[in-house]
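Here's the structure, in structure tokens; my notes come after.
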Amino acid sequence: MARVKRGVAAHKRHKRLLKAAEGRKGTRSKLIKPAREALLHAMAYSYVGRKQRKRQMRGLWVVRLNAAARLNGTTYGQLINGLKTAGVALDRKVLADIAVRDAATFARIVEVARPS
């Protein structure tokens, strides 16, 4: 069986890794092992960050809805409960967008959510 020299493949893999690690400080952008460790940590953080962004956005929508609801004489909890009982199927993202962009429409939505 012929001897296989793997230098070209390893070099290509190392170059790709160092290219991905550009911009990091010190040896994290120059040497293979620290660069690999830095990239593994970065990928783990980015995975967690994608989950956290969803939580943070929902929190932002809730804060905006609460502020807009209070301007219209109700609270966030009363608004959401009223919308559910009225059968309005708008999610928090859409409601928050309406509250920010079109106050008159949001005021009409709050009126629908008020108990009769």
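The values are calculated or read from the model by the stated rules, or taken from the named source; none is laboratory data. Note that the structure is predicted; figures quoted are calculated from it, not measured. Don't worry about glycine lacking a Cβ; one is built from the backbone with ideal geometry, like all the others, and counts go over all protein chains shown.
Annotation for segment 23-40: at least one member residue is without any contact (Cβ under 8 Å) to a residue 40 or more places away in the chain, small (Gly, Ala, Ser) and assigned to a loop (DSSP other than H, G, I, E, B).
Of Leu60, Leu17, all but one fail to be in contact with a helix residue (DSSP H, G or I) (Cβ under 7 Å, 6 or more places away or on another chain), at pLDDT 95 or above and either under 30 Å from Val112 (Cβ atoms) or not basic (Lys, Arg) (or both); the exception is Leu17.
Checking each residue in segment 68-102 for being among the hydroxyl-bearing types (Ser, Thr, Tyr) and outside any helix (DSSP H, G or I) picks out Thr74, Thr75.
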